[in-house]
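The values are calculated or read from the model by the stated rules, or taken from the named source; none is laboratory data. Computed from a prediction, not measured in an experiment: that's the story for all the values here. FYI the Cβ positions are ideal-geometry reconstructions off the backbone, even for glycines, and counts take in every protein chain you see.
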Amino acid sequence: MSTTVRTRYIVGVDLGGTNIVAAALPEDGSRTYAVRTELTLASQGADAVVDRMVGMIESVIADTMTVTGAERGDFAGVGVGAPGPLDRDRGIVITTPNLGWTNFPLRDVIASRVGLHATIDNDANCATLGEWWLGAAAGGRNVVGMTIGTGIGGGLILDGQLYHGSADVAGEIGHTTIDITGRRCKCGNYGCLEAYASGPSIAERAREALGGDADSVLHTMVGGDLDRLTAAIVYEGAHRGDELSLEVVRETARFLGAGIANLLNIFNPDVVVIAGGVTQAGDKLFDPLRKEVRKRAFRPAVEACRIVPGSLPGTAGVVGAVATFRQQVPGVS
């Protein structure tokens, strides 16, 4: 008599400063089901954000059950990627500048609300692990991941293992200093990479350049309202050949290239994978970025490393949240 082995599913949630993304994957990562995206709206407070997350999780579970014939008992749990620093052992978001949370017990709140086991890990760790498991960094042994959106996060995979450091804050690439007397960062420091090359920082630098009534298509693209300017609009302006937009993108590439060169000299990775909205800039960003890295990093480190855009746009963090759940929960593989 044969016994049917039922597929188990894991819900992944990527909590960002601007958007929340959720979906379900089977344990082997072979497919992605019921992708959902909603605005985070962090200004409404932590409880409202959690309500939104729980609603998305329940919607993902219901739709996955409809599509696959799965039952509620086939869902092993929920993996959440959240901005940090975190205390993974206690499931707590210690602080996050882009959400305004302090010592929030996110893991246990989610587990209690949905009635499933939950885990948390840093959102950038999750995106890096997702690209390593199923995306552009597959096959790498030593991988540096960067996520560029509302902030800049990072993840490190060293000798095939996700590296968290002694206090769960390894990989905070966005808060490495590239100018000791530079721009003020939301973290309170000055000159952080995030203060120059995150999405909002790219938009701010473009607004500053436009402040002197510079000739640019960006004025038309935002209807004269510079408050509407975003990094995505700057990238679109660059693709249209707008010189001011191109210069902002080239300057962004120089900032990122300097930061990545430091990482190559420290970690000597075989892959640097960059995920997030910045990848919309395409070769107009990546060509000068790679050139800047070649100028600044040791040649053997450069020759050993691929610098690539992520291949899981919008879902790397979700895939990685599922992967971290598999690592943290015994019996899930």
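Is there any pair linking a residue in region 279-303 that is closer than 13 Å to Glu251 by Cα and in the same structural domain as Ala261 (by TED's automatic domain parsing) to one that is polar (S, T, N, Q) and buried (at least 17 other Cβ atoms within 10 Å of the Cβ), with Cβ under 7 Å and at least six apart or on different chains, and which?
Note: pairs meeting the criteria are Leu285/Thr252.
Here is a check on your reading of the model: is Ala214 in a loop (DSSP other than H, G, I, E, B), surrounded by fewer than 22 Cβ atoms within 10 Å (Cβ to Cβ), in contact (Cβ under 8 Å) with a residue 24 or more places away in the chain and not hydroxyl-bearing (Ser, Thr, Tyr)?
When the stated conditions are applied, Ala214 passes them.
Pull up region 217-262, narrow it to residues that are touching a helix residue (DSSP H, G or I) at 6+ places or on another chain (Cβ under 6 Å) and either free of Cβ contacts under 8 Å to residues at least 12 places away in the same chain or not in a helix (DSSP H, G or I) (or both), then point me to the one that is surrounded by the most Cβ atoms within 10 Å (Cβ to Cβ).
Leu229
Let's see how each residue does on (1) of a type outside the set (A, V, I, L, M, F, W, C); (2) modelled with pLDDT of 95 or more; (3) on the phi > 0 side of the Ramachandran plot:
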| position | (1), (2), (3) |
| --- | --- |
| Val35 | no, yes, no |
| Leu39 | no, yes, no |
| Met53 | no, yes, no |
| Ala70 | no, yes, no |
| Phe75 | no, yes, no |
| Gly79 | yes, yes, no |
| Pro83 | yes, no, no |
| Trp101 | no, no, no |
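Give the number of residues within region 3-22 that are out of contact with any helix residue (DSSP H, G or I) (no Cβ under 9 Å at 6 or more places or on another chain) and of a type in the set (A, V, I, L, M).
Number of matching residues: 1.
Test each condition in (1) assigned by TED's automatic domain parsing to the domain that holds Tyr190; (2) assigned to a strand (DSSP E or B) for Ile94 and report the one that comes out false.
(1)
Might you let me know whether region 263-281 holds any residue that is over 16 Å from the mean Cα position of the chain (by Cα), within 21 Å of Gly17 (Cα to Cα), outside any loop (DSSP other than H, G, I, E, B) and not charged (D, E, K, R)?
yes
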